[in-house]
Amino acid sequence: MHPVLNRNLFFVKEHAGIFKAANNFDIYDPENQQQLMTCREEKLGFFTRILRFTDYKRMTPFNIVVSSTSGEKVLTVRRGVSLLRSKVEVLDEHDNVVGKLKQQLLSLGGKFSVLDADENFLFSLKGKWTSWDFKFVKDDMEFARVTKKWAGIGKEFFTSADNYILKVEDQVPQDNNIRVLLLGAVLCIDMVLKE
């Protein structure tokens, strides 16, 4: 696992654009506004580009590569064509599948089962339909939270509607693939539920 993922706070900022087909993000340290990673969707096919400007946008495949600012691959988030519910794969820096996110049907606010590479259940990703607030939970234990609210040092810098904070709880071990899944899931939420 890339060491940049051992942090507990990440600020994810989506690139804005009127006529953009690709989804691109930058990830910062929210406390000092230092850029940590880039997330790029560079290999879009012709038909995918066209469908991104239609009502079928949520069904299109995606392949987002997350890299450190020095250009080292950190993880990849990918999905094929989706009809009713999404099944997203998260891969590590060596392109090994570390886990999957399976969208649950008929959930208010959005819900995913987060699975390991062998499709064993790890935890749930649950959202509220009234706000942009998502929790990674199993039983009563919360692993992380994704929200648009941030009251840290750089809150004035982070004002766009397409900005998210990922806060990983201290009990998530360092150098654990759960951290790869947590960051991959943030991009998945935006691509699957919020586009």
Contact list, first residue from the stretch 100-117 and at negative phi, second anywhere and at pLDDT below 65 and open to solvent by 20 Å² or more (accessible area, probe 1.4 Å), beta-carbon distance below 8 Å, six or more apart or interchain, is LEU108/TRP129
Could you list all residues from the stretch 27-43 that are within 30 Å of ARG85 (Cα to Cα) and surrounded by fewer than 18 Cβ atoms within 10 Å (Cβ to Cβ)?
THR38, ARG40, GLU42, LYS43
Scan the stretch 148-163 and tell me whether some residue there is at pLDDT 75 or above, open to solvent by 30 Å² or more (accessible area, probe 1.4 Å) and closer than 22 Å to THR76 by Cα.
no
Filter result for the condition that a residue is at pLDDT 90 or above and in a loop (DSSP other than H, G, I, E, B), over SER107, SER113, SER70
SER70
Hey, VAL137 modelled with pLDDT of 85 or more and crowded, with 18+ Cβ neighbours inside 10 Å or not:
no
THR60 touching a helix residue (DSSP H, G or I) at 6+ places or on another chain (Cβ under 8 Å), among the polar types (S, T, N, Q) and without any contact (Cβ under 8 Å) to a residue 40 or more places away in the chain:
yes
Report, by residue number, each residue of the stretch 77-90 that is at pLDDT 90 or above and surrounded by fewer than 21 Cβ atoms within 10 Å (Cβ to Cβ).
ARG78, GLU89
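The values are calculated or read from the model by the stated rules, or taken from the named source; none is laboratory data. Keep in mind that what you see is a predicted model, and the values were worked out from it rather than measured. Counting neighbours? That spans all protein chains shown, and the Cβs are built from the backbone with ideal geometry, glycine included. Calculation scope for accessible area: heavy atoms of the full protein, side chains included, ligands and nucleic acids excluded. Shrake-Rupley method; radii C 1.70, N 1.55, O 1.52, S 1.80 Å.
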